[in-house]
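Structure, as structure tokens:
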Amino acid sequence: MAAKSYDMIVIGAGPGGYVAAIRAAQLGLKTCVVEREHLGGICLNWGCIPTKALLRSAEVFHFMERAKDYGLSAEKIGFDLEAVVGRSRGVAKQMEGGVKHLLKKNKVDVVMGAATLPAKGKVSVKTDAGTEDLTAKHIVLATGARARELPGLEADGDLVWTYRHALKPVRMPKKLLVIGSGAIGIEFASFFNTLGADTTVVEVMDRVLPVEDEEISAFAKKQFVKQGMTIMEKAMVKQLDRAKGKVTAHIETGGKVEKLEFDTVISAVGIVGNVEGLGLEELGVKVDRTHVVTDEFCRTGVEGLYAIGDIAGAPWLAHKASHEGVMVAELIAGGHPHPVKPSSIAGCTYCHPQVASVGLTEAKAKEQGYKVKVGRFPFIGNGKAVALGEPEGMVKTVFDEKTGELLGAHMVGAEVTELIQGYVVGRQLETTEEDLMNTVFPHPTLSEMMHESVLAAYGRAIHI
């Protein structure tokens, strides 16, 4: 059977791949997407979306427990973990169906199976029915990433879990150890801790949420501890002794090793790119520490071959993958898109309290030689935050003293994952402190704190 020919083939249908395919089809390119497991990829099925559904359940439970604070009464409150997980899986299924519909609507061909690249411009797909050969002048790798497994700390699905196991837990952990305090680790710690698990988080760096601004990390840690979590920083899990129904973790801090017992361990120590088994080495694609090396337009250096999303390196965020997908599709269609700037991409963590940031931290800005002006505003000074019963949080803004450029913004508190976009738009439009000061923010809203933080950087805050 002759190979089917396309203008563009996308390998992987996650938030990078399916978006790239849809945009290419909109631009008139004959497009095919190859996916070996689920449309929507990890993000929709085993990541961003289902975790948010779980965290929403935990948030509602948290408010039920605090009903009295709001003048309400809720008695005999509890939860059904199976139903909580069931809701989360239902949300993921709905999203996957949505992606299927969008691809069909945009006339993108979908081939389910595992792809390899036997030669330049060729894709071979192992499907349930056999092997399908495809050709295209342009091929986009969007194969994503998976959980990193450390030797001796490998997941078994019973005592030691990855994010996948944690999304469909076989039981409610009583004593939980979370290894790693990046977004994934801290979100699961937050979820299970809120539902009553005695939770310990171990972080090898000197603070939790190590990519965030130092002040934000410190503030978040204080809240986690207040909620009953044990946080161990500059600590390392050296080994796990597994026995029936329990794990003994050997945790090293400051040169001393202590042994602690848990019934469940979640490993969240980063990700590795899905680069194996594709035939990349033979094609001459450069791979560095499990990630494909690309230029700013996601080109691999092999003609007609691009890599987007997690496989192309940090930041490992769905919205970065989607944006790169659009950029590559437009490039292939003959357009002149702007490259995606990592410094303009916001990071969001949906723990309680939420954490969100964009641009440079204060330390990074100083490291890069900027003389900075820094503003801070606490949630306690905001009427809406107090009315919500969520007075714990802060907004921090970092400006270049010389030009007034907004270098970075960092937040912790209720709904900051929604608020951060205001600063993202500001950075995209190359805003200065003056523009932000002259912007009228509606009252009463949490967004007013964004205004006050800017004012505070210049000694002009009103409500503090």
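The values are calculated or read from the model by the stated rules, or taken from the named source; none is laboratory data. Small disclaimer: the values here were computed from a predicted structure and weren't measured. Cβ coordinates were reconstructed from backbone atoms using ideal geometry, including for glycine residues, and neighbour counts include every protein chain displayed. Protein only, heavy atoms only, side chains kept; ligands, DNA and RNA dropped before computing areas. Shrake-Rupley method; radii C 1.70, N 1.55, O 1.52, S 1.80 Å.
What does the extension gain come out to for Ser343 and Thr248, with contour length at 0.36 nm per residue minus their alpha carbon separation? The partial results should precede the final answer.
Numbers: separation 95, 0.36 × 95 = 34.20 nm, distance 4.07 nm.
Length gained between Ser343 and Thr248: 30.1 nm.
For the range 213-362, what is the convex hull volume of the alpha-carbon atoms per residue, in Å³? Write out the running numbers ahead of the final one.
On the way: hull volume 26.4 nm³, N = 150.
Roughly 176 Å³ of hull volume per residue.
If contacts are Cα pairs under 8 angstrom and at least 6 residues apart, what is the relative contact order of the chain in percent?
Values: 999 pairs, mean separation 66.0, N = 464.
Relative contact order comes out at 14 percent.
For Arg299 and Asp158, compute 0.36 nm times the residue count separating them, minus their Cα-Cα distance, and round to one decimal in nm. The partial results should precede the final answer.
Details: separation 141, 0.36 × 141 = 50.76 nm, distance 4.10 nm.
Stretched fully, the Arg299-Asp158 segment lengthens by 46.7 nm.
Ignoring ligands, DNA and RNA, what percent of the accessible area of the chain is carbon or sulfur (1.4 Å)?
Details: 11780 of 22090 Å².
Of all accessible area on the chain, carbon and sulfur atoms account for 53 percent.
Give a residue-ordered list of calculated ³J(HN,Hα) values for the range 110-122 (Karplus: 6.51 cos²θ - 1.76 cosθ + 1.60, θ = phi - 60°; whole Hz; x for Gly, Pro).
With coefficients 6.51, -1.76 and 1.60, one gets 10, 10, 8, x, 9, 9, 9, 10, x, 7, 4, x, 10 Hz.
How would you rank 316-324, 443-451, highest first, on the average number of other Cβ atoms within 10 Å across their residues? The partial results should precede the final answer.
Values: 316-324: 23.0, 443-451: 20.0.
Ranking, from highest mean packing down: 316-324, 443-451.
Quick one: Karplus J couplings for the range 357-364, per residue in order, coefficients 6.51, -1.76, 1.60, θ = phi - 60°, nearest Hz, x for Gly and Pro?
My calculation for the range 357-364 gives 7, 8, x, 7, 6, 4, 4, 5 Hz in order.
Take the Cα coordinates of the range 1-145, assign each an equal point scatterer, and use the Debye formula without solvent to give log10 I(q)/I(0) at q = 0.10, 0.16 Å⁻¹.
-0.46, -0.82
Taking the convex hull of the alpha carbon atoms in the range 19-77, what volume per residue do you get, in Å³? Present the calculation step by step, with values, prior to reporting the outcome.
On the way: hull volume 6.5 nm³, N = 59.
It comes to 110 Å³ per residue, whole-number rounded.
Compare the peptides 26-35, 331-340 by average per-residue count of other Cβ atoms within 10 angstrom and give them in order, highest first.
Values: 26-35: 21.1, 331-340: 14.0.
Taking the mean over residues of other Cβ atoms within 10 Å, the ranking is 26-35, 331-340.
If you take the C-alpha gyration tensor of the range 82-231, multiply each eigenvalue by 5 and take the square root, what semi-axes do you get, largest first, in whole Å? Write down the numbers at each step before the final one.
Details: eigenvalues 296, 75, 56 Å².
Output for the range 82-231: semi-axes of 38, 19, 17 Å.
Assuming R0 = 60 Å, what is the FRET efficiency of Ile77 and Glu401, from their Cβ-Cβ distance, to the nearest 0.05?
Working: r = 51 Å, r/R0 = 0.85.
Given R0 = 60 Å and the Cβ-Cβ separation, E is 0.75.
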